[in-house]
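Starting off with a structure, shown below.
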Amino acid sequence: MCKEGIARTFQLVKIFKDMTVLENVMVGALARARNTREARELAMEILEFVGEADKKDILAGSLTIADKKRLEMARALATKPKLLMLDEVMAGLNPAEVSEAVDLILKIQEQGITVFLVEHVMAAIMPISNRIIVLDSGEKIAEGLPEEIASNERVIKAYLGERYRAGG
């Protein structure tokens, strides 16, 4: 998968708890680097990019859930993907952390990386998506642009609630 330019994160964060933040990202960087020095340099660049460089020497297991999710994204980004698949990256985050995660995903997209997002936090999906497919109990109930999804009656009923109703 990595050699094809695809990286992913997991719904349940999978980090190396007894390794430092830097070492965790180096694991991903080793997929693209020629040696450990190059992997360390790439890992530090990615940590700067995601805003976690100040935590490079901290054991990953002691991070907050938001930091663990950024760490997992950093490790995936260190593989230099063309496609980044994020599985419920907003789960467990408070509104401020969701906003930070949205900002990071927009920053990732600005780098030319395609992001495929599986997510239930609809307020986070709308600003970062070009196209949305909505499933309800495994059935596709809608597909379209964010503004189309926001006004779709089935989506409003299943996920969004009345505050997303078009014109409201």
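The values are calculated or read from the model by the stated rules, or taken from the named source; none is laboratory data. Every value quoted in this text rests on a predicted model; they were computed, and no experiment measured them. Here the Cβ is made from the backbone with ideal geometry for all residues, glycine too, and neighbour counts use every protein chain on show.
Please specify each residue of the stretch 8-27 satisfying the condition of being at pLDDT 95 or above and assigned to a strand (DSSP E or B).
THR20
Now a separate question. Evaluate the stretch 123-131: report whether one residue or more is modelled with pLDDT of 90 or more, within 19 Å of PHE49 (Cβ to Cβ) and not β-branched (Val, Ile, Thr).
No, because not a single residue in the stretch 123-131 is modelled with pLDDT of 90 or more, within 19 Å of PHE49 (Cβ to Cβ) and not β-branched (Val, Ile, Thr).
Hey, among ARG34, ARG40, ARG8, which residue is charged (D, E, K, R) and within 28 Å of GLU119 (Cα to Cα)? Spell out the reasoning first.
Numbers: ARG34 fails: within 28 Å of GLU119 (Cα to Cα); ARG40 fails: within 28 Å of GLU119 (Cα to Cα).
Of the residues listed, the single one that is charged (D, E, K, R) and within 28 Å of GLU119 (Cα to Cα) is ARG8.
Taking VAL134, is it within 30 Å of ALA33 (Cβ to Cβ), surrounded by 14 or more Cβ atoms within 10 Å (Cβ to Cβ) and not aromatic (Phe, Trp, Tyr)? Working first, answer last.
On the way: within 30 Å of ALA33 (Cβ to Cβ): no; surrounded by 14 or more Cβ atoms within 10 Å (Cβ to Cβ): yes; not aromatic (Phe, Trp, Tyr): yes.
Against the criterion (within 30 Å of ALA33 (Cβ to Cβ), surrounded by 14 or more Cβ atoms within 10 Å (Cβ to Cβ) and not aromatic (Phe, Trp, Tyr)), VAL134 does not qualify.
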